[in-house]
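The values are calculated or read from the model by the stated rules, or taken from the named source; none is laboratory data. On a predicted model such as this, the values are computed, not experimentally measured, just so you know. All Cβ positions, even for glycine, are placed from backbone atoms using ideal geometry, and neighbour counts span all protein chains on display.
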Amino acid sequence: MGMILNTAGCDEHVPETERYIRTIKERESGICNSLPFEKYPHTVIVEMTKKCSILEELFTPQKGIHPTLSPQAIVTESHIDYYKHFKIQFGSYVQVHEQHNDLPRT
């Protein structure tokens, strides 16, 4: 089918993967340094890691398989909307109002 599987043995380094992990850690460090907290709940760390990995796959690489589509757009067939995904910085305080119906249930 034309696919080549490149496997790595135990204790063998894969430079591409190690660089990706290092980039994610550096982005997380930048976010942590911009927040005013000393300790973070586990959920915040998980969401921060998700956000950083989404940002990494958001832009089209120079030597990618498609000239205009990002890897995320190819795999998920979804496109990023600035006003939905980047309007508020990670860790910002926001006040959310949820609509409530105070009528008794019948």
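Brief remarks follow.
- Hits in the range 78-92 (condition: surrounded by fewer than 10 Cβ atoms within 10 Å (Cβ to Cβ) and not in a loop (DSSP other than H, G, I, E, B)): TYR82, TYR83, LYS84
- Evaluated against (1) exposed (fewer than 12 other Cβ atoms within 10 Å of the Cβ); (2) assigned to a loop (DSSP other than H, G, I, E, B), VAL75 falls short on exactly one condition, (2).
- Residue in the range 2-20 that is over 17 Å from ILE88 (Cα atoms), touching a Cys at 6+ places or on another chain (Cβ under 7 Å) and surrounded by 12 or more Cβ atoms within 10 Å (Cβ to Cβ) present: no
- A residue that is over 14 Å from the mean Cα position of the chain (by Cα), outside any loop (DSSP other than H, G, I, E, B) and without any contact (Cβ under 8 Å) to a residue 24 or more places away in the chain cannot be found anywhere in the range 55-62.
- The residue list THR68, THR7, THR60 contains one member that is modelled with pLDDT under 85 and in contact with a Leu (Cβ under 7 Å, 6 or more places away or on another chain), which is THR60.
- Any chance VAL96 is β-branched (Val, Ile, Thr) and surrounded by 10 or more Cβ atoms within 10 Å (Cβ to Cβ): no
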